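Would you mind keeping the following structure in view while I ask a few things?
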Amino acid sequence: MRPLTLRRLLLQCLLLVLILFIVVVIALKFGAVPVSLYALGRDVLRFLLGQTSQISSDYGLIIWNIRGPRILLAIFVGASLSVAGTSFQALLRNPLADPYVLGVSSGASVGAILALIAAPYLSLPSTLTALLTPVGAFLGATATIAAVYVLGRREGQIDSTTLLLGGVITGSFLSAIITLLMGTVTSGNNRGMVFWLMGNLSTSFQKSVYWFLGIGFFVGAGAIYTTATDLNLLLAGEKEAMHLGVDVRRVRLVVYIAASFLTGLAVSVSGSIAYVGLIVPHVMRLIFGSDHRTLLPTAAFGGAIAVVFADTLARTVVAPTEIAVGAVTAIVGAPLFIYLLRRRLA
Amino acid sequence: MSSSSAFARNTSEVSRPSAEPRLSVEQVSYAYSANPAQAPLFTLEATSFQAKPGEIVAILGPNASGKSTLLKLIAGALAPMSGRILLNGFVTHSLTPRTRAQRIAVVQQESTLLFPARAWEFVLQGRHAHGRSLRFESEDDVLIAKNALAQVGAAELSDRWMDQISGGEKQRVILARALAQQPLLLLLDEPTLHLDIAAQVGLLDSLRRLAAANRYTVVVVTHELNLAAEYADQVVLMQRGRCLRVGPPSSIYQRELLEQVFQTPLSVELGASGRPRVTVLSGTQP
């Protein structure tokens, strides 16, 4: 018997922080303009010492104004999608649940696009206008998961096949809506269709957006983490969890809202990046086990690592042009998923 | 710490005279309908019985007689339409899920996990209601889980994966998780359904032993007439949503009554243990 201890949890997180650090260094180094490791190390040191004026302006521009913010975006988007996927899998008792597969990402996209279209017509102060897109995405995500949940219920029970079919159909319906909206409305939206359908991290935002993302992630993921042991019991079903003392209705409410919020947050800045919420939790579950006290934080780090890595590939494989990051995650994710599935069955 | 004292919630609980009932089911009825505007599909008519600490009650009856509904009402998972169910003076269905799980443990027919877990992880889940919502298991929790596994004779299964052990072994681990809850009331829904004869007898032997050692009140739903006769202190006989009779097996096991309830010719005689034994005459199992 080896129950989880705080020490083991911190060690696991530390390991993943190290891997994330290495991936971030790789992501800073590679790109259309190569940066030497020496220059990178020197500039990081100068940055930490506060001697920012000595940083060469070309490198400085690339590292701090282009790649750095983009990596930060990738970290929060990856962590959010991965935590959302982990919680959807536990709550819906479905190993194939993920914000993208269930259509929640598409729902968030529709919400975000509608917010972008509506923004010029509402005379709001600029700070509120900036919040309109994530709020729209959150509302879109919440409405979608509620719809898919209703579609997936048969005789009061969640039926996993019906749920997935409901999610896939809802997703394709919403993708059609996205295509329609993008085709008929052009005002207030400079991001293309591929952005919303496949995901892209190349947009740069005001500094406040990164703060909003970071705080939003910790609030959403923190809310989900308070239910970590409840989610463990929910793996055996809602009835059993209730008999073991889980307030199922409260947990369901907290987790659906928080997971929709995280999905909305990620989608509003990066569009729908596929499979991150599906693959990362499975990999982490194979490595660290299915205890959500470990799984949620490791999945967050794993998601960050995966998306930073995928985005580096997206930027460099056909540089100086780039491909959608969602295409990379789908190309890498789908075969890996099949491999995991086969290994489980063997 | 001896294994039985590890399971006693506190000493006053153990030393209290068992004259007053722990579980009291008072005129409980229930109606189930898919649509409130329609006539109910199933009704449970007013049912009453009482049980003391250490007692085993078997709820017996053919299919669709309301056995499982009665168990769900006792578990607090359903709210009765009328009447009430008291556990140590508290109405069960108005307790919070957490408090309820500290007092009532439910063993269901099957437990399927979405992702694989080891037996010890599974048993530790029984401690959930006793700690704060988010926390790490304490040494006490681990000790209680170990004792629970030992009490059902499953200590050697501790590190095995739940999806790689036999049905009988799994049933014992599920029972161990219920023991780890340190309940006052242990509810089992057809626990012997998928077990062979030896495992059935083994499970009920341990239930009787545990009920006596830990002063649990045990309520078992079952089809098995002879197992109920052998192990139960009280039998609640149900048919089509009605509670026909409550009493010790010797008063319930009468040929005419059982033939009428189970709709099959049978004979009742006294077994070697002094308890009634039922033989089905048409060659079908009761």
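Each reported figure results from applying straightforward, stated rules to the coordinates on display, with no laboratory input. Since we're looking at a predicted model, the values are computed, not measured. As a convention, Cβ positions derive from the backbone with ideal geometry for all residues, glycine included, and neighbour counts pool all protein chains shown.
Working from Cα positions, state the angle (0 to 90°, nearest 10) between the long axis of helix B:197-214 and the longest principal axis of chain B.
70 degrees
Can you give the FRET efficiency for residue A:122 and residue A:208, using 1/(1 + (r/R0)^6), R0 = 25 Å, r = Cβ-Cβ distance, to the nearest 0.05?
Result of the calculation: an efficiency of 0.85.
For chain B, give the magnitude of the charge dipole about the Cα centre (Cβ charges: +1 Lys/Arg, -1 Asp/Glu; no others), in debye to the nearest 20. It would help to have the intermediate numbers written out before the result.
Values: 28 positive and 25 negative charges, 137 e Å.
So the dipole magnitude of chain B works out to roughly 660 debye.
Then there's this: Considering only DSSP states other than H, G, I, E and B, which trypsin sites (Lys or Arg not before Pro) in the range B:88-158 qualify as loop sites with at most 12 other Cβ atoms within 10 Å? List each step's numbers first, then the result.
Numbers: sites: B:98, B:100, B:103, B:118, B:127, B:132, B:135, B:146; in loops: B:132, B:135.
When the trypsin sites (Lys or Arg not before Pro) of the range B:88-158 are filtered for loop state and at most 12 Cβ neighbours within 10 Å, B:132 remain.
Residue B:155 to residue A:129: FRET efficiency via 1/(1 + (r/R0)^6), r the Cβ-Cβ distance, R0 51 Å, to the nearest 0.05?
Numbers: r = 64 Å, r/R0 = 1.25.
Once rounded, the FRET efficiency stands at 0.20.
Nearest 5 is fine: what % of DSSP beta bridges in the protein assembly as shown come out antiparallel, could you say? If you can, show how the numbers build up before the last one.
Working: 27 of 45 bridges.
Rounded to the nearest five, the antiparallel share is 60 percent.
Ok, one more. Which whole DSSP H helices in chain A pass both tests: a Cα extent of 20 Å or more along the axis and a mean Kyte-Doolittle value no lower than 0.0? It would help to have the intermediate numbers written out before the result.
On the way: long enough: A:6-29 (34 Å, 2.46); A:68-91 (35 Å, 1.31); A:104-118 (21 Å, 1.93); A:126-151 (38 Å, 1.60); A:160-184 (36 Å, 1.58); A:207-225 (27 Å, 1.23); A:248-270 (32 Å, 1.35); A:292-316 (36 Å, 0.79); A:325-345 (30 Å, 1.29).
Correct list, ordered by number: A:6-29, A:68-91, A:104-118, A:126-151, A:160-184, A:207-225, A:248-270, A:292-316, A:325-345.
Could you work out the local net charge near residue A:62, counting Lys and Arg as +1, Asp and Glu as -1, over the other residues with Cβ closer than 13 Å to its Cβ? Kindly include the intermediate steps, with their values, before the conclusion.
Details: positive: A:29, A:67, A:70, A:315; negative: A:43, A:58.
Within the 13 Å Cβ shell, the charges total +2.
Report, as an integer, the average count of C-beta atoms from other chains found within 10 Å of each Cβ along B:71-79. If you can, show how the numbers build up before the last one.
Values: counts 0, 1, 0, 0, 3, 2, 3, 0, 0.
Counting Cβ atoms of other protein chains within 10 Å of each residue's Cβ and averaging gives 1.
Expressed as a rounded percentage, what relative contact order does the range A:74-345 have, with Cα pairs under 8 Å and six or more residues apart? Numbers along the way, then the final one.
Details: 457 pairs, mean separation 92.4, N = 272.
Across the range A:74-345, relative contact order equals 34 percent.
Could you check the spin-label model distance between residue A:19 and residue A:179? Points 7 Å from the Cα along Cα→Cβ, value in nm.
3.7 nm
Okay, next question. What does the structure give for B:94-106 when I average, per residue, the other chain Cβ atoms found within 10 Å of the residue Cβ?
Taking the mean over all residues of the peptide, I get 3.
Among DSSP bridges having both ends in the range B:11-280, what percentage is antiparallel? Round to the nearest 5. Don't skip to the answer; put the middle values down first.
Values: 25 of 43 bridges.
Given both bridge residues lie in the range B:11-280, the antiparallel proportion sits at roughly 60 percent.
Further question: Which whole-number percentage describes the relative contact order of chain B, with Cα contacts under 8 Å and a sequence gap of 6 or more?
Numbers: 536 pairs, mean separation 69.6, N = 286.
It comes to 24 percent, rounded to a whole number.
While we're on this one: Give the order of A:33, B:268 when sorted by the count of other beta carbons within 10 angstrom, beginning with the fewest.
Values: A:33 13, B:268 20.
Going from least to most buried by this count: A:33, B:268.
Could you put A:197, B:193, B:124 in order, starting from the residue whose Cβ has the fewest other Cβ atoms within 10 Å?
Values: A:197 20, B:193 15, B:124 26.
The most exposed by this proxy come first: B:193, A:197, B:124.
Now for a different question. Counting only other residues whose beta carbon sits under 10 Å from that of residue A:247, what net charge do I get with K and R as +1, D and E as -1?
Working: positive: A:249, A:250, A:252, B:98; negative: A:230.
Local net charge: +3.
Something else: Name the residue, out of A:302, A:216, A:85, whose mean-square fluctuation peaks in a Gaussian network model built on chain A with Cα pairs under 10 Å.
Taking springs between Cα atoms under 10 Å, the residue moving most is A:216.
Same structure, new question: For B:52, B:67, what ranking results if the residue with the fewest other Cβ atoms within 10 Å of its Cβ goes first? Can you show the working numbers first?
Numbers: B:52 17, B:67 24.
Fewest-to-most Cβ neighbours within 10 Å comes out as B:52, B:67.
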